[in-house]
Amino acid sequence: MSKKLQDKVNLIVICGPTASGKTELSLRLAEIFDGEIIGADSMQIYRGMDIVTAMPTKPERERVRHRLIDFLEPSESFSVADYVKLAKEAISEVVSNGKMPILCGGTGLYINSLIDGISLDETRENQQFREKMLLLAKEYGNEFLHKKLEKVDPKRAKELHPNNVKRVIRALEIYEFSGRSMTESNILSRNTPSIYNSCIIGLDFENRQDLYDRINKRVDIMFEQGLLQEAKKFFAMNNTTTSAQAIGYKELFPYIKGEQPLEECVEKLKQRTRNYAKRQLTWFRRDERVNWYKIKKNEPFQNIVNFSEKTIAFYFKT
């Protein structure tokens, strides 16, 4: 291995769509490589959202130490820049403890911003501007804001779903107060090489329907675990922050408000989760560094572990 790579911090990254088995794989690899797990999920950071986010359970956290999950109140704001700062600190602590850092999650923006050394735009939040944009979205619809973004930053607009209002507004905010699009800012910020030697393992399925079946089954299990009660509790908080956009809560609010039957809301939840998984795969497939494992129906999970272990050992020459 070259001296250049030896100077970098070895980092295992587990990515892929929701319900693909990332959590279990990260646990197994942490035991094999004596590691600790750092979350890379934009919703698992919030407290009290255990079921809706498929948060690692207490036994799983006792099995392997986890960081950057279940630490923030749902009412608190949290940016990608905040995540990168905390993730860097967490990785440094893991390495200092003589352990292998394992980044695990499905939020591509978190993962890429961290491992690619992107120095995120420092444009400060402007509450007055944000409130103005939210009013426009409320009056004219989310598509209206998205079209505004298309005019000033078409690349970023293409990356964002119109309903991801918070990130659309952030991109508009950066352009408004810095004079540069977020895309331009990110290109300019890639002026320092990554400090990580990242081995990225991606989970996918040979047959897309197998993933969708797993998603549908996971939703059913979430209801058995008490998802509806968790959503009702969250709804009672009258929360309007990013956490309220978690897939699994907002789809149930029409039922909680007595506007739609539960069956319709459950079906919409399954559909939106499947759509989210497709977007996750689209994001990660753009990265040629990902070592993909295509899961076959009913194959032993140990096959995935063996592939990952061999890939990591070869990559780090351990």
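In order along the stretch 220-234, the Karplus-derived 3J(HN,Hα) couplings, from 6.51 cos²θ - 1.76 cosθ + 1.60 at θ = phi - 60°, round to 4, 5, 4, 5, 5, 7, x, 4, 4, 5, 5, 5, 4, 4, 5 Hz, and Gly and Pro are given as x.
Listed by chain and number, the lysines whose alpha-carbon sits under 27 Å from that of Lys85, ignoring those within fewer than 8 places in the same chain, are Lys3, Lys4, Lys8, Lys22, Lys58, Lys99, Lys155, Lys158, Lys166.
Distance from the C-alpha centroid of the stretch 250-318 to that of the stretch 1-79: 15 Å, rounded to the whole angstrom.
In sequence order, the stretch 295-308 has phi-based couplings of 7, 8, 4, 6, 7, x, 5, 4, 4, 5, 4, 4, 4, 5 Hz under the Karplus curve 6.51 cos²θ - 1.76 cosθ + 1.60, θ = phi - 60°, and Gly or Pro positions carry x. Near Ile295, the amide H atoms lying under 5 Å from its own belong to Asp204, Phe205, Glu206; only residues 5 or more places off or on other chains count, and H is placed 1.01 Å from N.
The Kirkwood hydrodynamic radius of the chain, based on inverse pair distances between different Cα atoms, is 20.8 Å.
What ranking do 100-107, 81-88 get when scored by the average of other Cβ atoms within 10 Å per residue, highest first? If you can, show how the numbers build up before the last one.
Working: 100-107: 24.6, 81-88: 17.5.
Highest mean packing first, the order is 100-107, 81-88.
Under a 5 Å amide H cut-off, with hydrogens placed 1.01 Å from N, Met100 pairs with Gly35, Glu36 among residues at least 5 apart or on other chains. Taking θ as phi - 60° and the Karplus parameters 6.51, -1.76 and 1.60, the scalar couplings of the stretch 125-142 work out to 5, 10, 4, 5, 5, 5, 5, 4, 5, 5, 5, 4, 5, 5, 7, 10, x, 4 Hz in sequence order, x denoting glycine and proline.
Close amide H pairs (under 5 Å, H built 1.01 Å from N) link Val9 with Tyr196, Asn197, residues at least 5 positions away or on another chain. The charge dipole of the stretch 127-189, taken about its Cα centre with unit charges on the Cβ of Lys, Arg, Asp and Glu (plus for the first two, minus for the last two), comes to roughly 80 debye.
Quarter the surface of the alpha carbon convex hull of the stretch 127-189 and you get the mean projected area, 3.9 square nanometres.
Laboratory data are not the source of any read-out in this text; all were calculated from the coordinates shown. Keep in mind that what you see is a predicted model, and the values were worked out from it rather than measured. For neighbour counting, all protein chains shown are included, and Cβ atoms are generated from backbone atoms with ideal geometry for every residue, glycine included.
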